[in-house]
Amino acid sequence: MNARRIRAVIGKETREILRDPITLGVALLMPLVMLFLFGYAISLDLRRASLGVLDEDHSPASRALIEHFSANESFHLSRSLGSVREIEQVLQRGQVDLVLVVPAGLNDSLLRREQPQVQVVVDGTYSTTALLAAGYAEALVASFGTKPSRATLRLETRVWYNPSLRSVNYIVPGLYAVILLAFPPLLTALGVVREKETGTIQCIFASPLTSSEFIFGKLVPYSLIALLQMLIVVSFGYFWFGVPFQGSFLFLLAAGLVYVLCTVGIGLLVSTLTRTQLTAMLLALIVTLMPSFLFSGLLFPIFTMPALLQLYAAIFPGVYFVEISRGIVLKGTGIDMVWFQVAVLALYTLAVFILASRRLKKKVA
């Protein structure tokens, strides 16, 4: 073993790293980024779940019960409902996570030392959160009934959209977004950077093609591949995992097309920022795979995170498509319910395409 040759290789590799500040920055900052994100983002506690209340009694006892729920940090009173019909509307739109229904005659029943029944309707889209919310609500109702001069209340819990509370029913629709955000950007990023490394991109620069034409030409084939990936995962979700499909498959496909154009565009944008395949792969993983698991709502509801991380999650397109796919698959929602998420993805796609086109400046070989 020749020490001189070893020193030469070490020096060459050091110079190459110093010439590529992006790779160096990723290598130094990635451990800290993962430490902070995992440390703050992962939370299985129920905090400030959105609570809707339908008070049909309007009595001192019903107001005391509502205040009993509001005083607990696990719930945040966000809406007061006027009728039973509104329960389905607010749950389907995702405006509340659960609804407390206080029946008429509650106060009189308590005065007669009877055991009146209240109801909690829970959105079962997130089965883990639904179980926690139902358990917390049951504990609060039980503690309310043990107070002096009050009879015991009975609680009836109903879960909508995922009555069996199967985790696979909300995990699989969420995975649609994660898979489409993880692989298509990686493929496109490597595909373009490979041309840079081999020198074939110089032929593109010498051709009459504009940067926008080149980007769009790259966008289409990879988008078709991503759309095929989506068809495969949705089919396996329905036929293999038995996930119910309540909404329109064509609408999911249309929204998915917007989403895959967005994710493929992210890969193209990454390719314009990097020079080597290794750097492109690392950067693509950082901006897609890791956020798609932590900040898309796949495993952990966004509302349980600190406010700063909720704003951070809004930067990534995965969080919007998770809401779309779960809404269509589990709730049967249409464009009237998720138009905002679709519009955000469309604007995101347009912005990524413009940025990638501007970054890929036309050169003459």
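The order of the peptides 99-107, 333-341, 61-69 by mean Cβ neighbours within 10 Å, most packed first, is 99-107, 61-69, 333-341. Charge tally for A130 (other residues, Cβ to Cβ under 9 Å; Lys, Arg +1; Asp, Glu -1): -2.
So if I take the centroid of the Cα atoms in the stretch 58-88 and the same for the stretch 318-339, what is the distance between those two points in Å? Distance between centres, Cα-based: 27 Å. Computed packing ranks the peptides 178-185, 90-97 as 178-185, 90-97, most packed first, by mean other Cβ atoms within 10 Å.
Rounded, prolate or oblate: which one fits the stretch 49-160, using the alpha carbon gyration tensor with axes a ≥ b ≥ c (rounded when a/c is under 1.5, else prolate when a/b beats b/c, else oblate)?
Values: a/c = 1.94, a/b = 1.52, b/c = 1.27.
Prolate shape, in that a/c is at least 1.5 and a/b is the bigger ratio.
Distance between the C-alpha centres of the stretch 121-139 and the stretch 214-276: 32 Å, rounded to the whole angstrom. Each residue of the stretch 118-131 is assigned a 3J(HN,Hα), and the resulting list reads 10, 10, 10, 9, 10, 6, x, 4, 9, 5, 5, 5, 4, 5 Hz, derived from the Karplus form 6.51 cos²θ - 1.76 cosθ + 1.60 (θ = phi - 60°), x at Gly and Pro. The listed peptides 263-273, 313-323, 247-257, ordered by packing as a protection proxy, come out as 263-273, 313-323, 247-257 (highest mean of other Cβ atoms within 10 Å first). The alpha carbon gyration tensor of the stretch 239-321 gives principal lengths a ≥ b ≥ c with a/c of 1.5 or higher and a/b no greater than b/c, which makes the shape oblate.
Any read-out appearing in this document is the output of simple, stated calculations on the displayed coordinates, not a laboratory observation. This is a predicted model, so every value here is computed, not measured. Cβ sites come from the backbone with ideal geometry, for glycine too, and all protein chains shown count toward neighbours.
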